[in-house]
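The values are calculated or read from the model by the stated rules, or taken from the named source; none is laboratory data. All values reported here derive from a predicted model rather than from experimental measurement. Using ideal geometry, Cβ is built from the backbone for each residue, glycine included, and neighbour counts are taken over all protein chains shown. These area figures cover heavy atoms from the full protein model, side chains too; ligands, DNA and RNA do not enter into them. Shrake-Rupley method; radii C 1.70, N 1.55, O 1.52, S 1.80 Å.
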Amino acid sequence: MFKTASKRIEDAKREIEIMKRTGEKIRPLPFGVENDTIFVSPDRNLLLGFDVVEVDDIIYFIGFKKMEKT
């Protein structure tokens, strides 16, 4: 695992709060040209995770979105 910048951790925590309200399983973090580079999810199968953050006893993974198989 790599250590994510504290700004990305704070961004992840904000997105996690949105996910908790909306029921989404994955959210983009504000990073990259179209916010399509780094994501947060409690489902490790959706991401190539490089860091984690724990919120309310749930581990959330931060990383790159896995490509969908066609």
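Among residues belonging to segment 32-60 that are open to solvent by less than 50 Å² (accessible area, probe 1.4 Å) and β-branched (Val, Ile, Thr), point out the one that is farthest from the chain's Cα centre (by Cα). Selected residue: VAL55.
Among the residues making up segment 1-31, those that are polar (S, T, N, Q) and open to solvent by 30 Å² or more (accessible area, probe 1.4 Å) are SER6, THR22.
Tell me, yes or no, whether segment 22-31 has at least one residue that is among the hydroxyl-bearing types (Ser, Thr, Tyr) and not in a loop (DSSP other than H, G, I, E, B). Yes, that holds for at least one residue.
Checking the stated criteria, ARG14 turns out to be at pLDDT 95 or above, not in a loop (DSSP other than H, G, I, E, B) and not polar (S, T, N, Q).
Of everything in segment 26-70, what is polar (S, T, N, Q) and within 16 Å of ASP11 (Cα to Cα)? Give them in sequence order. ASN35, THR37, SER41, listed by residue number. Which members of segment 61-70 meet the condition of being in contact (Cβ under 8 Å) with a residue 24 or more places away in the chain and either loosely packed, with under 10 Cβ neighbours inside 10 Å or basic (Lys, Arg) (or both)? Answer for segment 61-70, where residues must be in contact (Cβ under 8 Å) with a residue 24 or more places away in the chain and either loosely packed, with under 10 Cβ neighbours inside 10 Å or basic (Lys, Arg) (or both): just LYS65.
Tallying residues that are more than 15 Å from SER6 (Cα to Cα) and in contact with a strand residue (DSSP E or B) (Cβ under 8 Å, 6 or more places away or on another chain) within segment 18-38 yields 9. Taking the condition of a type in the set (Val, Ile, Thr) and without any contact (Cβ under 8 Å) to a residue 12 or more places away in the chain, does VAL40 pass? No: the conditions fail for VAL40.
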